[in-house]
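Each remark here refers to the structure printed beneath this line.
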Amino acid sequence: MAVARIDLGSVSRPAGVRVVARAQSHIPAIAAAFNRGDVAESTLYHLPRSHVALSAGYEGGRRHRTIRNFTILRHKSVVGVCSLFAPAFAGVQLAIAIFDAASRGLGVGRFAVSTLCDVAFDELHAGRVELGTYPDNHAAIRCYEACGFSREALLRSSIYHNGAWRDLLWMAHVR
């Protein structure tokens, strides 16, 4: 898989942070973080995530190229994941989870979201990047809006999470 050069424009790279293509060697750390519940309250992912399921997703993405999986590293440690995949509506859909609490609030998420938007627009030639988040995830919403996303819809009681139906805020960035 060719690695695209990414123009980050005005988004600065936090110290020691890289967004890299997901490797099989990242899977144990990703599985452990999901299963510790590090992002359980804010993620749309179904938990727990088994090593087998994560490995299958990694292999499927490599074979079909409809899924682009990335790992967020900070000082060589896995601190999060992000992906681009087939959308619910149009363009591509983005998902992100920052596992490491110490990496939140430092611009890591903004850097990763901006990086994936550049891949979507410049490499995949998508005209739209969309995502869903919980309406009470204010830090994520601020991050997405800073990266050019706009609020499009509130999907009422659209996802079942932790024993209750939750609303989902749908956002998109169009270039």
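What is the packing order of peptides 114-126, 17-29, taking the mean over residues of other C-beta atoms within 10 Å and listing the highest first? The partial results should precede the final answer.
On the way: 114-126: 19.3, 17-29: 15.8.
Final packing ranking: 114-126, 17-29.
Less than 5 angstrom separates the built amide H of GLU152 from those of TRP170, MET171, ALA172, all sequence-distant by 5 or more or on a different chain. The 3J(HN,Hα) values that the Karplus relation (6.51, -1.76, 1.60; θ = phi - 60°) gives for segment 130-147 are, in residue order, 10, 7, x, 8, 6, x, 8, 8, 4, 5, 5, 4, 4, 4, 5, 5, 5, 8 Hz. Gly and Pro appear as x. Applied to segment 71-85, the Karplus parametrisation 6.51 cos²θ - 1.76 cosθ + 1.60 on θ = phi - 60° returns per-residue 3J(HN,Hα) values of 10, 9, 10, 9, 6, 6, 9, 6, 10, x, 9, 8, 8, 10, 8 Hz, with x for Gly and Pro. Across segment 161-169, rounded Karplus estimates of 3J(HN,Hα) from the backbone phi angles (6.51 cos²θ - 1.76 cosθ + 1.60, θ = phi - 60°) give 9, 6, x, 8, 7, 10, 6, 9, 8 Hz, Gly and Pro being marked x.
Bear in mind that the values in this text are calculations on the coordinates, not laboratory data. Not measured: the values here are computed from a predicted model. Methodologically, a virtual Cβ is constructed for each residue, glycine included, from the backbone with ideal geometry; neighbour enumeration extends over all protein chains shown.
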